[in-house]
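The values are calculated or read from the model by the stated rules, or taken from the named source; none is laboratory data. Fair warning: this is a prediction, and the values are worked out from it, not measured in the lab. As a convention, Cβ positions derive from the backbone with ideal geometry for all residues, glycine included, and neighbour counts pool all protein chains shown.
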Amino acid sequence: MLNRRNFLTAAVGVAVAGGLAACAKEDDSSSGSSDSGSGGGGGKKITLGFAQVGSESGWRTANTKSVKEAAKEAGYTLKFSDAQQKQENQISAIRSYIAQKVDVIAFSPVVVTGWDAVLKEAKTAKIPVILTDRSIKTSDDSLYVSFIGSDFIDEGRRAGKMLETVLQKAGHKGPVKIAQLEGTTGAAPALERAKGFKEIMDAEHKDDWKIVVSQTGDFTRAGGKQVMAAFLQSDPDINVLYAHNDDMALGAIQSIEAAGKKPGKDILIISVDGVKDGFVAMSEGKINGIVECNPLLGPQLMDLVKKAADGETVERRIKTKEGDFLQEEAKEALPTRKY
Ligand code: GYE
């Protein structure tokens, strides 16, 4: 039932790229790297500036690889930067892409707020902006042409429903004391994965489930390990961990084992992403369920980039579709995991 496999992608809603899409096509500064394709843009090679969040997780590594490979495949010149999870670094990278007059800017915003000023600069320079993976909050929707990525609220809801199944399978009786490892503070996947999960909890489990501790582990293994150790000290009776990504769950597993407990048994674990190491831990019985989030956004992003560079209308929102996996599916799925 839970195993709706893999990620077809569906275009959801169509809107207009508007004036933003009429971008700097006359600019010739974007030659330079080797020719490995047409590069579109009416024969002229497209230059894409991509401001990545960082390299905090296995998901991010897979996402970066997908973007780099797809840009190469499409024959674009890619200017890539890693912001090390700092908004100010992403803002400087975007400013530098504007100064270099790239054709299109794409970025995965580390947090949801605080982008209007720099995106207005891009708009003034007539450079279309595409959001990948994470969304932003803005009062001016004309500041970006498209957003491609997962529905994180839905992922949170799916994690909640998955916990119901996992508790039932484990024959769990009594109170459900949940520890939540949140993603980076202020990031869309952290806010929305918490929100979707809470929705299920409030609607269906108000009396029996309780989040007893919740703190950010910054989407990293080290963060998950450190925060889980503190959680276990503050409340040794925690019996469920909901981690907003696999890496934090993997770090937490180390602390759970160090405390003499069995991950997947004494503490039931649900996480999000579905990276290979997460699947390995699940096939060893240490994670009970994973809500998949697809990082392989590169090929679709490159299609959007070409359209935006050509001044065409682009889909305003592209959602990736994903599956849910439980332990019995982990072993079977492991050999074919792509990331
Ligand atoms: O879940 C996490 C990464 O934004 C969807 O960021 C992404 C999240 C992903 O660090 O592992």
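Check V314, V275 and return the single one that is surrounded by 18 or more Cβ atoms within 10 Å (Cβ to Cβ) and in the same structural domain as Q180 (by TED's automatic domain parsing).
V275
Of the residues in the range 175-226, how many are part of a loop (DSSP other than H, G, I, E, B) and within 16 Å of the ligand (Cβ to nearest atom)?
The qualifying residues number 9.
Within the range 132-143, can one find any residue that is within 16 Å of the ligand (Cβ to nearest atom), under 22 Å from the mean Cα position of the chain (by Cα), assigned to a strand (DSSP E or B) and outside the structural domain of V272 (by TED's automatic domain parsing)?
Within the range 132-143, one or more residues are within 16 Å of the ligand (Cβ to nearest atom), under 22 Å from the mean Cα position of the chain (by Cα), assigned to a strand (DSSP E or B) and outside the structural domain of V272 (by TED's automatic domain parsing).
If we keep just the residues of the range 49-80 that are in a loop (DSSP other than H, G, I, E, B), of a type outside the set (S, T, N, Q) and crowded, with 20+ Cβ neighbours inside 10 Å, which is nearest to the ligand (Cβ to nearest atom)?
First, the residues of the range 49-80 that are in a loop (DSSP other than H, G, I, E, B): 53-57, 75-76.
Adding the requirement that they be of a type outside the set (S, T, N, Q) leaves 53-54, 56, 75-76.
After this cut, where a residue has to be crowded, with 20+ Cβ neighbours inside 10 Å as well, the list is 53-54, 56, 76.
Working: V53: 7, G54: 8, E56: 5, Y76: 23 Å.
Taking the candidates together, the pick is E56.
What are the residues in the range 81-91 that are within 13 Å of the ligand (Cβ to nearest atom) and assigned to a loop (DSSP other than H, G, I, E, B), if any?
A83, Q84, Q85
Please determine, by comparing only the residues of the range 227-250 that are away from the ligand (no atom under 12 Å from the Cβ) and under 22 Å from the mean Cα position of the chain (by Cα), which one is farthest from A188 (Cα to Cα).
So in the range 227-250, the residues away from the ligand (no atom under 12 Å from the Cβ) come out as 227-242.
From what's left, under 22 Å from the mean Cα position of the chain (by Cα): 227-228, 241-242.
On the way: V227: 20, M228: 22, L241: 20, Y242: 17 Å.
Among residues in the range 227-250 that are away from the ligand (no atom under 12 Å from the Cβ) and under 22 Å from the mean Cα position of the chain (by Cα), the one farthest from A188 (Cα to Cα) is M228.
If the requirement is being in the same structural domain as R60 (by TED's automatic domain parsing), over 19 Å from T184 (Cα atoms) and in a helix (DSSP H, G or I), which of these qualifies: A330, A281, A308?
A308
I'd like to check something: does the range 149-166 contain any residue that is more than 26 Å from R60 (Cβ to Cβ), more than 26 Å from the chain's Cα centre (by Cα) and either surrounded by fewer than 20 Cβ atoms within 10 Å (Cβ to Cβ) or assigned by TED's automatic domain parsing to the domain that holds A243 (or both)?
Checked the range 149-166: no residue is more than 26 Å from R60 (Cβ to Cβ), more than 26 Å from the chain's Cα centre (by Cα) and either surrounded by fewer than 20 Cβ atoms within 10 Å (Cβ to Cβ) or assigned by TED's automatic domain parsing to the domain that holds A243 (or both).
Would you confirm, using the coordinates I've provided, whether S146 is of a type in the set (G, A, S), surrounded by 17 or more Cβ atoms within 10 Å (Cβ to Cβ) and not assigned by TED's automatic domain parsing to the domain that holds A249? Even if it seems obvious, please write down each step before you answer.
Values: of a type in the set (G, A, S): yes; surrounded by 17 or more Cβ atoms within 10 Å (Cβ to Cβ): yes; not assigned by TED's automatic domain parsing to the domain that holds A249: yes.
It is true that S146 is of a type in the set (G, A, S), surrounded by 17 or more Cβ atoms within 10 Å (Cβ to Cβ) and not assigned by TED's automatic domain parsing to the domain that holds A249.
Given the condition farther than 21 Å from F219 by Cβ and in contact (Cβ under 8 Å) with a residue 24 or more places away in the chain, answer yes or no: does some residue in the range 51-68 qualify? Break it down stepwise before answering.
Of all residues in the range 51-68, those farther than 21 Å from F219 by Cβ come to none.
For the range 51-68, residues farther than 21 Å from F219 by Cβ and in contact (Cβ under 8 Å) with a residue 24 or more places away in the chain: absent.
Could you give every pair whose Cβ atoms fall below 7 Å, whose first residue belongs to the range 143-156 and is more than 20 Å from G183 (Cα to Cα), and whose second residue is modelled with pLDDT under 95 and in a helix (DSSP H, G or I), counting only separations of at least 6 or pairs across chains?
What qualifies is V145/L20; V145/A21.
How many of the residues making up the range 95-134 are among the small types (G, A, S) and surrounded by fewer than 23 Cβ atoms within 10 Å (Cβ to Cβ)?
So the answer is 5.
Name the one entry in I98, I94, I105, I127 that is part of a loop (DSSP other than H, G, I, E, B) and either more than 25 Å from G224 (Cβ to Cβ) or in contact with a strand residue (DSSP E or B) (Cβ under 6 Å, 6 or more places away or on another chain) (or both). Let's see the steps before the verdict.
Values: I98 fails: part of a loop (DSSP other than H, G, I, E, B); I94 fails: part of a loop (DSSP other than H, G, I, E, B); I105 fails: part of a loop (DSSP other than H, G, I, E, B).
One residue alone meets the criteria, I127.
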